[in-house]
Amino acid sequence: MKVKDPVCGMVIESATAAAHGTYGGQTVYFCSVACQASYDKTHRRSA
Ligand SMILES: [Zn+2]
């Protein structure tokens, strides 16, 4: 599944995403752990 990294806007494949997390019940995928770290600053990660 193609997904968009919300931090840098890069379109990535969810299966090979470098990082992902669940935010507000939705799984969000990132191209790198750096992008996830940036996203974590403004969004609360849920279990
Ligand atoms: Zn990114």
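Observations on the model:
- Net charge of neighbours whose Cβ lies under 15 Å from the Cβ of Ile12, counting Lys and Arg as +1 and Asp and Glu as -1: 0
- For segment 40-47, backbone phi angles converted through the Karplus equation (6.51, -1.76, 1.60; θ = phi - 60°) give residue-by-residue couplings of 4, 5, 10, 10, 8, 7, 10, 5 Hz, Gly and Pro being listed as x.
- Integer Hz, Karplus 6.51/-1.76/1.60 couplings in order for segment 6-15, x for Gly and Pro: x, 7, 9, x, 6, 8, 10, 8, 4, 5
- Cα-centred dipole magnitude for the chain, charges only on beta-carbon of K, R (+1) and D, E (-1), debye, nearest 20: 120 debye
- Its Cα gyration tensor gives the chain an equivalent ellipsoid; the semi-axes, largest first and in whole Å, are 16, 12, 8.
No value in this document is a laboratory result; all are computed from the given coordinates. Since the structure is predicted, the reported quantities are computational estimates derived from the model, not experimental observations. With ideal geometry, Cβ positions are generated from the backbone for all residues, glycine too; neighbour counts draw on all protein chains shown.
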